[in-house]
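The values are calculated or read from the model by the stated rules, or taken from the named source; none is laboratory data. Since the structure is predicted, the reported quantities are computational estimates derived from the model, not experimental observations. Note that each Cβ is placed from the backbone with ideal geometry, even for glycine, and that neighbours are counted across all protein chains shown. Ligands, DNA and RNA are stripped out before the accessible areas are found, and what is left, the full protein with its side chains, is counted by its heavy atoms. Shrake-Rupley method; radii C 1.70, N 1.55, O 1.52, S 1.80 Å.
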Amino acid sequence: MNVEQTLAQLVAIDSVSSRSNAEIISYLASRCEASGFAVKRFPHTDETGAVKINLIALAGAQYSGTPNVELALVGHTDTVPYDPAWPEALRLTERDGNLFGRGACDTKAFIAAALTAVESVDLSKLRKTLALVFTADEEIGCLGAKRLAQARPFTARCAIIGEPTSLQPMRAGKGYCVAEVTVRGREAHSAYPGLGASAIFRAARLIERIENIAREIKSDRRDGFDPPYTTLNVGVIQGGTAKNIIAGDCRFTLEWRTIPGQDSDYVLNLVREVVADLQMHDPDFVCEIDAARADESFETSSDSDLVQFLEQESDAPSGTVAFGTEAPSMIALGAQAVVFGPGDIRVAHRTGE
């Protein structure tokens, strides 16, 4: 099958992160085994009871011990949800020279290209080990790749992580971190504010200080990124129970994307310092911070032979990405890592992808 036919079959498999990815893994395992790869599944059950599977397919070596891989092609099997009103979400559709469907861009096109490419290679002539790595749950925290990094079922010298980069090699990426913040107050009738303490007012003071942090850390810059500094965002906030009740709780979600060279908890520590300062002026100020996710940034040297190879073959200079990827997990397995693949990230995750 060609790339388009393979992509059509992949898009037809509903692999939204909330579902088990067993069906698409079965398809990929069959294709790899038919090409002569040795495959191994790494299953686990997620917190909802769904079976999730990472798949590793090796050529040039049998799966025993901890194989040392020369090149790993890494693609995630899950997609974000799609609007039920999009009738063609699971049916690849061609229009104006583009192919549309959920996952067509992110990142089943990369998987289709990788499968089609290896099927044109005489694997018996490989002098070093090639791996196809298919992961689960990238869209909800790169969870499958993190499991591989912890289990260390293989090591790798080079890894190409499939993401929609418009076929521009990306040798560095920002980290991605999330914290759930809860500020406590004391409920009372709003006609008698002295009897209570507004959690919303307290959260507002904290968020104002977080905005100050966002401005101050812009001075720590890394050229090549857009924007060239760590960014902060409060994307969700909710609090209170009624218009005439002083709010007893206020919760908000804080995310930050760190430039290489900054620890993932750099911003978190600055926020904790601010909380401590607010508590000095308001001893009853109660704030709970649940640091739910901390993905490291990554950077591969421009002198890397993988970077230079991809620059030459794509005829594009290497760049950087601001979104989270599985590159740090592959680096943990020893690899030079570059993010690279077909499609434009700006059309991913939307109806009409």
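Remarks
- With each label modelled as a point 7 angstrom along the Cα→C-beta vector, the ARG41-SER120 pair spans 3.1 nm.
- Kirkwood hydrodynamic radius (C-alpha pairs) into Stokes-Einstein, region 220-287, 10 °C and 1.306 mPa s, D in µm²/s: 109 µm²/s
- Computed FRET value (nearest 0.05) for THR351 with LEU167, which takes r as the C-beta separation and R₀ as 35 Å: 0.90
- Ranking by accessible area, most exposed first, for SER15, SER301 with a 1.4 Å probe: SER301, SER15
- For region 6-109: rounded, prolate or oblate by the Cα gyration tensor [a/c cutoff 1.5]: oblate
- Probe 1.4 Å - accessible area at ASP344, Å² to nearest ten: 40 Å²
- Close Lys pairs in the chain, defined as Cα atoms under 30 Å apart and 8 or more places apart or on different chains, number 17.
- Treating r as the C-beta distance of HIS281 and ASP96 and R0 as 56 Å, the FRET efficiency rounds to 0.40.
- Using a cutoff of 8 angstrom between alpha carbon atoms and counting only pairs six or more residues apart, the relative contact order for region 195-353 works out to 18 percent.
- In terms of the mean number of neighbouring beta-carbon atoms within 10 Å, the peptides 161-167, 46-52 order highest first as 161-167, 46-52.
- Stretchable slack from HIS189 to ASP315, in nm (0.36 nm times residue separation minus alpha-carbon distance): 38.7 nm
- All-pairs Cα distance distribution in region 200-347, expressed in whole percent, bin size 10 Å: 9, 31, 28, 17, 10, 4, 0
- Cα centroids of region 122-188 and region 253-308: 19 Å apart.
- Listed values (1) 57, 48, 44; (2) 73, 72, 35; (3) 79, 46, 44 include one computed from this model; for Cα extents along the principal axes in Å that value carries the label (3).
- Take the Cα of ILE237, go 7 Å toward its beta carbon, and the backbone nitrogen atoms of region 283-305 under 20 Å from that spot belong to 285-292.
- Residues LYS174, LYS218, sorted by accessible area with the largest first, give LYS218, LYS174 [1.4 Å probe; ligands and nucleic acids excluded].
- With the charge dipole of the chain set up from +1 on Lys and Arg Cβ and -1 on Asp and Glu Cβ about the Cα centre, the Cα lying farthest toward the positive end among the listed residues THR93, ILE246, GLY175 is that of ILE246.
- Cα gyration tensor shape for region 201-259, rounded if a/c is under 1.5, else prolate or oblate: prolate
- By accessible area with a 1.4 Å probe, ligands and nucleic acids excluded, highest first: order of HIS76, HIS189, HIS44, HIS281: HIS281, HIS189, HIS44, HIS76
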